[in-house]
Amino acid sequence: MQCGVGLSIEELTAVIRSRQIGVTTVGELRKAGGDVIRTSRMGAHGTLTGLHP
């Protein structure tokens, strides 16, 4: 998962090789009971917690 305050979708997906992405907000994830934690000081990697398939 990529995350970053003030970054565009293009900036966040520049390192992703897949041709298909999904986009949501931290607010929407929190409404569903989850949260996002930044897990990298460099780059924009994050970890989704609190949600299960």
Choice from THR13, THR24, THR39 with maximal GNM fluctuation in the chain (Cα, 10 Å cutoff): THR24
Global size of the chain as Cα Rg and Dmax, reported in angstrom: 11.3, 29
MRE, 222 nm, helices only [DSSP H, n ≥ 4, -39500 (n - 2.57), over the chain, to nearest 500]: -4500 deg cm²/dmol
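Read the figures in this text as sums done on the coordinates, not as results from a lab. Only a predicted model underlies this, so the values are computations on that prediction, with no experimental measurement involved.
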